[in-house]
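Student: My questions all concern the structure below.
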Number of protein chains: 2
Amino acid sequence: MTNERHDITKERLSKITESIYDQLNEGEIPAMNLPLRSKKNIEFDPRYNVWKYGSMQTNRNCKTAKGAATMLKTLYIIDFIDLMIKTNKSSTLREMYYNSEGWGYGKFSSQDESNMMAEDLEIVSKCMREDFKLRPEEDGARVIGDITITAVNRKGVKQTLNCRDDVPDTGYGIPFNVEKEKVAIKPGTAKFVVAVETGGMFDRLVENGFDEKYNALLVHLKGQPARSTRRFIKRLNEELRLPVTVFTDGDPWSFRIFASVAYGAIKTAHISDYLATPTAQFIGITATDILNYDLPTDKLSDKDIAALKSELSDPRFKDEFWVSEIEAMLAMKKKAEQQALAKHGLDYVTDKYLPEKLTELGTLR
Amino acid sequence: MTNERHDITKERLSKITESIYDQLNEGEIPAMNLPLRSKKNIEFDPRYNVWKYGSMQTNRNCKTAKGAATMLKTLYIIDFIDLMIKTNKSSTLREMYYNSEGWGYGKFSSQDESNMMAEDLEIVSKCMREDFKLRPEEDGARVIGDITITAVNRKGVKQTLNCRDDVPDTGYGIPFNVEKEKVAIKPGTAKFVVAVETGGMFDRLVENGFDEKYNALLVHLKGQPARSTRRFIKRLNEELRLPVTVFTDGDPWSFRIFASVAYGAIKTAHISDYLATPTAQFIGITATDILNYDLPTDKLSDKDIAALKSELSDPRFKDEFWVSEIEAMLAMKKKAEQQALAKHGLDYVTDKYLPEKLTELGTLR
């Protein structure tokens with residue numbers, strides 16, 4: 001992170017502290033307004049073509065002991081971040097949770113609480129969690145294909161690696177902070193992105209040389225993708241102008257993976273314009289694919305059915321394509337994994353399935 | 001894999017097929033003997049200082065329809081492996097499971113079944129799953145420190161990378177096959193190995209520069225380590241003569257992670273001499289560490305308690321150290337994560353905890 005970015009972050013966090021101080025000083029009970037963070041309160045933002053929080057608010061104040069403790073925790077988090085910026089450290093969310101053991105009444109009751117408060121602080125400060133130097137436990141998504149990344153490493157040294165020639169078959173591991181100050185991306189021969197849900201399928205495309213044959217850039221999503229992975233994909237799309245396709249299992253949870261890449265996730269809707277790639281296209285597995293490609297299936301569980309139904313009332317899934325695919329899946333009561341394509345042999349996905357789907361979308365001609 | 005290795009594998013698999021053919025030809029009901037694969041049947045092998053299967057056997061035969069189907073599946077697996085060797089492919093265990101959709105009566109009923117049968121085939125053939133070109137869904141363990149790896153990549157090209165200078169902060173991703181034919185390891189300044197359970201702690205040691213300050217080689221275990229990670233650690237120990245230490249959470253599941261690195265896992269006891277590093281030392285978190293370092297804890301769940309009790313009857317945990325630590329944990333009814341050390345600050349683990357523990361063991365002087 002540049003010093004400039006540090007300074008902005010520190011200044012904005014100071015303002016929050018000052019505001020609480022001023023309210024106390026004037027004899028007021030300190031309070032903070034935050035958007036309501038649920039499916040009910042997300043709205044389409046036509047400027048960026050992503051879903052963001054709407055106008056519904058919650059008020060957080062110190063009228064109760066619990067409310068006061070929450071405010072105290074906010075101040076401790078700010079202090080913790082300030083120390084990290086000073087000492088050039090970063091921390092996992094879990095480490096911050098444990099560090100709060102020494103914060104007295106400011107101790108978190110669970111890691112869910114500390115994670116959520118870090119996001120709340122993003123909203124209030126208009127900074128990013130990456131500015132706060134907080135990162136998830138693990139992400140480790142990988143990329144393979146012809147682009148070149150120059151990243152500042154832990155020693156502050158710039159390191160340039162080509163993601164096709166200079167990495168092992170396991171790929172280039174995406175770091176937790178992929179901001180421009182840390183990571184520069186240079187185009188190569190890669191013409192489009194295939195973001196892949198599972199490691200098994202990522203490795204299949206790598207082994208089959210799909211990236212080289214079709215000039216594809218393969219990005220491993222690793223399930224529900226980390227913020228850094230989504231941000232990285234957005235930068236590939238915006239800066240390198242690479243079309244993005246998303247290849248997942250065929251079940252309601254995978255549809256949400258696509259939604260979080262393309263439209264923005266509900267939890268991070270305050271920064272959807274920053275993380276989401278609205279032009280990303282879904283290349284399956286859909287209910288229609290299950291039929292067309294005669295795939296082995298599993299029965300939908302009760303949880304799957306409930307999740308699909310919930311998606312029908314999710315504004316992000318309101319278009320014709322999704323409504324019809326979700327209803328088709330509910331009707332057939334079946335789901336399929338992307339690796340189920342192996343039924344037809346190990347080359348089927350790269351020789352037939354992907355070329356067909358990508359041609360249909362116009363990504364391949 | 002070299003052609004020689006291919007030939008041995010094909011020859012041994014052919015022998016199995018022949019034996020079934022011959023039995024049928026002579027009017028016998030085909031049968032196969034396998035060691036019993038459970039805790040009851042593991043014995044200490046003093047030659048290698050690891051735990052291996054004992055003499056208890058199960059007989060697999062075709063006297064029932066189910067038994068005949070199992071034998072058929074074995075033959076299909078052999079056929080599938082033969083095709084992969086011919087076409088220079090590998091496959092995830094999950095892909096093989098799905099590929100069996102086309103095997104008629106040979107179709108697997110679950111992936112547990114197909115995984116187990118691949119291991120059974122290792123035992124009967126005395127080959128390795130890596131020879132069969134079968135790999136787990138995902139492992140992605142990482143390594144950082146001064147050693148140099150030359151690996152044959154998917155295009156058959158040798159690629160040499162230093163694990164300190166030529167990789168991003170996310171490290172070098174260990175491939176699924178780390179056999180000598182594929183991967184050569186050259187020593188550098190690294191003097192010992194710290195194998196770390198969680199990604200958060202691995203990243204902490206990397207950020208704090210523990211590897212450079214202490215000439216350590218950091219290996220991410222990623223929970224229960226994949227075979228390739230265990231084999232890689234063994235090679236570091238045998239070929240580079242690096243002492244191995246294992247740093248995990250303090251709970252019964254993490255004790256099993258250590259046991260699988262040091263003594264061999266029950267599931268893979270037929271190849272313990274190949275995967276286990278008997279001289280590996282545990283550097284916590286132990287019950288004693290929880291007290292000595294005043295760590296935040298969680299209550300043991302009923303499952304944790306049952307797992308600890310089961311370890312007391314596990315021959316691998318029979319020595320004084322483990323019995324006393326397991327009993328201490330049962331008495332305090334508490335467990336702790338390695339990241340709990342962050343209670344004392346982000347540098348505590350590298351400034352105090354690890355130097356103390358490693359000095360105690362004699363790894364650091």
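Student: Any chance segment A:59-72 includes a residue that's hydroxyl-bearing (S, T, Y), under 25 Å from B:T297 (Cα atoms) and either crowded, with 17+ Cβ neighbours inside 10 Å or out of contact with any Phe, Trp or Tyr (no Cβ under 9 Å at 6 or more places or on another chain) (or both)?
Tutor: Yes, some residue in segment A:59-72 is hydroxyl-bearing (S, T, Y), under 25 Å from B:T297 (Cα atoms) and either crowded, with 17+ Cβ neighbours inside 10 Å or out of contact with any Phe, Trp or Tyr (no Cβ under 9 Å at 6 or more places or on another chain) (or both).
Student: Sticking with this one: What number of residues within segment B:310-323 satisfy the criterion of being at pLDDT 95 or above and exposed (fewer than 13 other Cβ atoms within 10 Å of the Cβ)?
Tutor: Number of matching residues: 2.
Student: Just give me the residues in segment A:244-258 being open to solvent by 10 Å² or more (accessible area, probe 1.4 Å) and either without any contact (Cβ under 8 Å) to a residue 60 or more places away in the chain or of a type in the set (K, R) (or both), in sequence order.
Tutor: A:W253, A:R256
Student: Where in segment B:168-243 are there strands (runs of 3 or more DSSP E), lying wholly inside it, with at least 1 residues that are open to solvent by 20 Å² or more (accessible area, probe 1.4 Å)?
Tutor: B:183-186
Student: What is the one condition in (1) open to solvent by 10 Å² or more (accessible area, probe 1.4 Å); (2) in a helix (DSSP H, G or I) that A:V261 does not satisfy?
Tutor: Going through the list (1) open to solvent by 10 Å² or more (accessible area, probe 1.4 Å); (2) in a helix (DSSP H, G or I), A:V261 breaks only (1).
Student: Which numbered condition trips up A:I185, out of (1) more than 10 Å from every other protein chain (Cβ to nearest Cβ); (2) touching a Ser or Thr at 6+ places or on another chain (Cβ under 7 Å); (3) modelled with pLDDT of 95 or more?
Tutor: Going through (1) more than 10 Å from every other protein chain (Cβ to nearest Cβ); (2) touching a Ser or Thr at 6+ places or on another chain (Cβ under 7 Å); (3) modelled with pLDDT of 95 or more one by one, A:I185 breaks only (2).
Student: Could you please find all residues in segment B:1-31 being open to solvent by 30 Å² or more (accessible area, probe 1.4 Å) and of a type in the set (A, V, I, L, M, F, W, C)?
Tutor: If the condition is that a residue be open to solvent by 30 Å² or more (accessible area, probe 1.4 Å) and of a type in the set (A, V, I, L, M, F, W, C), then B:M1, B:I8, B:L24, B:I29, B:A31 are the ones that fit.
Student: Okay, moving on. Could we say that B:D120 is crowded, with 20+ Cβ neighbours inside 10 Å and more than 12 Å from every other protein chain (Cβ to nearest Cβ) here?
Tutor: Numbers: crowded, with 20+ Cβ neighbours inside 10 Å: yes; more than 12 Å from every other protein chain (Cβ to nearest Cβ): yes.
When the stated conditions are applied, B:D120 passes them.
Student: So, in segment A:264-275, of the ones that are touching a strand residue (DSSP E or B) at 6+ places or on another chain (Cβ under 8 Å) and more than 22 Å from A:E325 (Cβ to Cβ), which residue ends up surrounded by the fewest Cβ atoms within 10 Å (Cβ to Cβ)?
Tutor: For segment A:264-275, the residue satisfying everything is A:D273.
Student: Among the residues of segment B:42-83, what is the count of those that are over 19 Å from B:M116 (Cβ atoms), touching a residue at least 12 places away in the same chain (Cβ under 8 Å) and within 14 Å of chain A (Cβ to nearest Cβ)?
Tutor: 1
Student: Go through segment A:266-307 and give me each residue that's part of a helix (DSSP H, G or I) and within 17 Å of A:L341 (Cα to Cα).
Tutor: Taking segment A:266-307 first, the residues part of a helix (DSSP H, G or I) are A:269-275, A:287-292, A:302-307.
A:A287, A:T288, A:D289, A:I290, A:L291, A:N292, listed by residue number.
Student: Among the numbered criteria (1) basic (K, R); (2) within 13 Å of chain B (Cβ to nearest Cβ); (3) assigned to a helix (DSSP H, G or I), which single criterion is violated by A:K89?
Tutor: That leaves (3) as the condition not met.
Student: I've got another one for you. Can you tell me which residue is nearest to the chain's Cα centre (by Cα) among those in segment B:327-365 that are among the small types (G, A, S) and within 11 Å of chain A (Cβ to nearest Cβ)?
Tutor: First pass over segment B:327-365, keeping only residues among the small types (G, A, S): B:328, B:331, B:336, B:340, B:342, B:345, B:362.
If we keep only those that are within 11 Å of chain A (Cβ to nearest Cβ) as well, we get B:336, B:340, B:342, B:345.
On the way: B:A336: 23, B:A340: 25, B:A342: 28, B:G345: 32 Å.
The selected residue is B:A336.
Student: Whether any residue in segment A:286-294 is within 14 Å of chain B (Cβ to nearest Cβ) and open to solvent by less than 60 Å² (accessible area, probe 1.4 Å) is what I want to check.
Tutor: We begin by selecting, within segment A:286-294, every residue within 14 Å of chain B (Cβ to nearest Cβ); these are A:290, A:293-294.
Imposing the further condition that a residue be open to solvent by less than 60 Å² (accessible area, probe 1.4 Å) reduces the set to A:290, A:293.
Taking every residue of segment A:286-294 in turn, at least one turns out to be within 14 Å of chain B (Cβ to nearest Cβ) and open to solvent by less than 60 Å² (accessible area, probe 1.4 Å).
Student: Residue pairs, Cβ under 7 Å, 6 or more apart or interchain, first in segment A:340-365 and aromatic (F, W, Y), second part of a helix (DSSP H, G or I). List them.
Tutor: Matching pairs, first to second residue: A:Y348/A:L341; A:Y353/A:L341.
Student: Still on this model: Any chance segment A:197-205 includes a residue that's away from chain B (no Cβ under 13 Å) and at pLDDT below 95?
Tutor: No, because not a single residue in segment A:197-205 is away from chain B (no Cβ under 13 Å) and at pLDDT below 95.
Student: Tally up the residues in segment A:152-163 that are surrounded by 17 or more Cβ atoms within 10 Å (Cβ to Cβ) and either at positive phi or modelled with pLDDT of 95 or more (or both), please.
Tutor: Number of matching residues: 2.
The values are calculated or read from the model by the stated rules, or taken from the named source; none is laboratory data. Note that the structure is predicted; figures quoted are calculated from it, not measured. Neighbour counts run over all protein chains shown; Cβ positions are idealised from the backbone, glycine included. In case anyone asks, the SASA skips ligands and DNA or RNA and just uses the protein heavy atoms, side chains included. Shrake-Rupley method; radii C 1.70, N 1.55, O 1.52, S 1.80 Å.
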